[in-house]
There are 2 protein chains.
Amino acid sequence: MKKQERQRYIRELLKANNIDKQEDFVILLKKEGITVTQATISRDIKEMQLIKVPATDGTYSYNLPVQKQLNTEKKLTKTLKDAFISTDVQNEMCLIKVTPGSGPAIVSLIEQMNYSFVFGTLGGDGSALIICHSNKDALKLSRIINEIVIE
Amino acid sequence: MKKQERQRYIRELLKANNIDKQEDFVILLKKEGITVTQATISRDIKEMQLIKVPATDGTYSYNLPVQKQLNTEKKLTKTLKDAFISTDVQNEMCLIKVTPGSGPAIVSLIEQMNYSFVFGTLGGDGSALIICHSNKDALKLSRIINEIVIE
DNA sequence: TTTGAATAATAATTCAAA
DNA sequence: TTTGAATTATTATTCAAA
């Protein structure tokens, strides 16, 4: 089926890019060899319940559905409470140490959280390395993680 | 200040109505005696980081930002766990007693929670007076607060 | 700084077609 | 059912003004 595959691409594109208008999806999909019009994207967005979020920096960006975000945060909280050991920050990187085996899960959840300040991730067995845009961002992430664990 | 008051109304309207376009805000605000144009609403929405969510029933509706809601609830939980003493309900009012100095913080957080059943708030030093729409609502709030503390 | 009027830009839908 | 082209509707911004 064509539509589902396209919507999968859309989900991927969301994570990798900062998309602030539907035309961007059209352009990015074209690069993947998928040609559609804005009308179709509008329908996909409605169907996938994507939301356009005004960011703090004055731009807009399409994001994953609210419900999904909530679920992701819940899972992240649960996983962290079970597996968290410590965080360390160095430059723009935040290293999250967790119990052996939990690294990949944490990485995956943090990716799904779609934090705008996260640049990239790397999952080890007992650790998750989160590369942010700046040192400030890394500290922010560290703070968020620790707050989740404490709560 | 005019803008802040308007944005408070917007937050209220959000809860009470299903708003699917900015013009609706213009119309609803007019009924409250506040006359603004769509342009201003657009700016408010950006500033308040409201999102337009595609609902499952095929409609759209403006909502509060998820992230913000989550954060507020977390802060409220944390603050209550630290400072909570007791609640008392009388008529449509719920009085939350807290350790000295924490009253204003609690009030602010409860405001941010945007409970639809809250009519107004008043912050003392060691207490927060929350005025609800009805006695039932006040009891409900009291229950919510106590559950948060216990959890 | 904040705003409205006008406008530009973006998004949603209609309607025909496959 | 799903889609594109065209269109309409909605939203964001520009620009002047207070």
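A short reminder: the numbers here are calculations on the coordinates, not readings from a lab. These numbers were taken from a predicted model, which means no experiment stands behind them. Cβ coordinates were reconstructed from backbone atoms using ideal geometry, including for glycine residues, and neighbour counts include every protein chain displayed.
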- [ ] Divide, for region B:2-64, the radius of gyration over alpha carbons by 2.2 N^0.38 Å, where N is the residue count.
- [x] 1.04
Task: Total charge dipole magnitude, region A:8-151, about the Cα centre, Cβ charges on Lys, Arg, Asp, Glu only, Debye to nearest 20 - done: 320 debye
Open item on the list: I need the phi-derived Karplus couplings for region B:89-101: 6.51 cos²θ - 1.76 cosθ + 1.60, θ = phi - 60°, integer Hz, Gly and Pro marked x.
Closed with: 10, 9, 6, 9, 10, 10, 9, 9, 8, 9, 5, x, x
Task: Most mobile listed residue (A:101, A:120, A:58) in chain A, GNM with C-alpha springs under 10 Å - done: A:58
Open item on the list: For a quick check, take a GNM of chain B with Cα springs below 10 Å and name the residue from B:55, B:138, B:39 with the largest mean-square fluctuation.
Closed with: B:55
- [ ] Straight distance only, please: which aspartates and glutamates reach the Cα of residue B:31 with their own Cα at less than 20 Å, same-chain residues fewer than 8 apart left out?
- [x] B:5, B:12, B:20, B:23, B:44
Task: Over region B:2-64, relative contact order from alpha-carbon pairs under 8 Å, at least 6 apart, % - done: 34 percent
Open item on the list: In region A:115-134, whose amide N lies under 11 Å from the spot 7 Å out along Cα-to-Cβ of residue A:75? List them in ranges.
Closed with: none
- [ ] Report the calculated FRET efficiency for residue B:35 and residue A:7 (r = Cβ-Cβ distance, R0 = 51 Å), to the nearest 0.05.
- [x] 0.75
Open item on the list: To make sure I understand, if each residue's beta carbon is the centre and we count other beta carbons within 10 Å, what order do A:119, B:25 fall in, fewest to most?
Closed with: A:119, B:25
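Within the set A:81/B:140; B:81/B:136; A:15/B:140, which residue pairs have Cα atoms separated by over 32 Å?
Beyond 32 Å: A:15/B:140.
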Task: For chain A, with +1 on Lys and Arg beta carbons and -1 on Asp and Glu, the positive-most of A:62, A:117, A:127 along the dipole - done: A:62
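Using a simple charge model, +1 on the beta-carbon of Lys and Arg, -1 on the beta-carbon of Asp and Glu, nothing else, what dipole does the protein assembly as shown show about its Cα centre, in debye to the nearest 20?
500 debye
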Open item on the list: At a 10 Å Cβ-Cβ cut-off, how would you order B:92, B:147, A:47, fewest neighbours first?
Closed with: B:147, A:47, B:92
Task: Highest-MSF residue in chain B out of B:99, B:59, B:79 [GNM, Cα springs under 10 Å] - done: B:59
TODO: Compute the Cα gyration tensor for the protein assembly as shown, then decide on rounded, prolate or oblate, letting a ≥ b ≥ c be the square roots of its eigenvalues: rounded whenever a/c is under 1.5, prolate when a/b is larger than b/c in the other cases, and oblate in all that remain.
DONE: oblate
Open item on the list: For a quick check: with amide H placed at 1.01 Å from N, whose amide H comes under 5 Å from residue B:121's, ignoring anything fewer than 5 positions away on the same chain?
Closed with: B:131
